[in-house]
Amino acid sequence: DGGITQSPKYLFRKEGQNVTLSCEQNLNHDAMYWYRQDPGQGLRLIYYSQIVNDFQKGDIAEGYSVSREKKESFPLTVTSAQKNPTAFYLCASSSSGLAGGYEQFFGPGTRLTVL
Amino acid sequence: AQRVTQPEKLLSVFKGAPVELKCNYSYSGSPELFWYVQYSRQRLQLLLRHISRESIKGFTADLNKGETSFHLKKPFAQEEDSAMYYCALKLGGYSTLTFGKGTMLLVSP
């Protein structure tokens, strides 16, 4: 079954704890992305990676970290430095950032709640 | 920096009525524009892109560079069109998508 998966679906965290969200894809896509989706805010880019072992900050990277050790995986760590971490997190992938008319494919999302 | 504006948070219409979801962008170059849709309990997915100039599920969108707009239109709305719609912009070369804040479309019977 091809596609992009995120786990867990729901995640609860105590204040002061780091937590890692999983994102895996078997679409053989080079590029992967993490977004945060808040009501009335749309999607805001946290981090993105265009190739293995390389990644760049998006618009709201503070308090987050990522790694890209494998083409298929792009985990996101929400650190205790993130002041307002409760949100819905979406992972996406695409074949290339260069191709005209390219499409991003999205995962089902992880809802993180900080207690 | 580039920006995408969707002025309506919510658009409510009756079944069979025409629909226009507005999208304006700020960028002086030649961007690529997209509409993404998120139906209830489903993943965000691409609806259409301006370079394809195609109609998907009866929706069309024309890029108007003079007005910097990419409005999404459908002549006769259906109940199954109810969803969250996001306009997105991509610059040339290696670049990411910039999304608008989204418009919720509700189609009533």
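What the table below lists for this structure:
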quantity: Simple label model, 7 Å out from Cα along Cβ direction - B:Tyr39 to B:Arg53, nm; calculated: 2.9
quantity: R0 of 25 Å, Cβ-Cβ distance A:Gln41-B:Thr60: FRET efficiency to nearest 0.05; calculated: 0.35
quantity: Net charge of neighbours whose Cβ lies under 14 Å from the Cβ of B:Pro7, counting Lys and Arg as +1 and Asp and Glu as -1; calculated: +1
quantity: Pairs beyond 27 Å (Cα-Cα), from A:Lys57/A:Lys83; A:Lys14/A:Lys71; A:Lys71/B:Lys90; B:Lys22/B:Lys90; A:Lys83/B:Lys101; A:Lys9/B:Lys101; calculated: A:Lys14/A:Lys71
quantity: Set of aspartates and glutamates with alpha-carbon distance to B:Lys57 below 20 Å, sequence-local pairs under 8 removed; calculated: A:Glu103, B:Glu20, B:Glu79, B:Glu80, B:Asp81
quantity: DSSP bridge orientation in the protein assembly as shown - percent antiparallel, rounded to nearest 5; calculated: 85
quantity: Cα-based reach from B:Lys65 at 14 Å (exclusive), listing aspartates and glutamates while leaving out same-chain residues under 8 positions away; calculated: B:Glu32
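None of the figures in this text is laboratory data; all of them are computed from the coordinates on show. Owing to the predicted nature of the structure, the values given are computational and were not obtained by experimental measurement. Note that each Cβ is placed from the backbone with ideal geometry, even for glycine, and that neighbours are counted across all protein chains shown.
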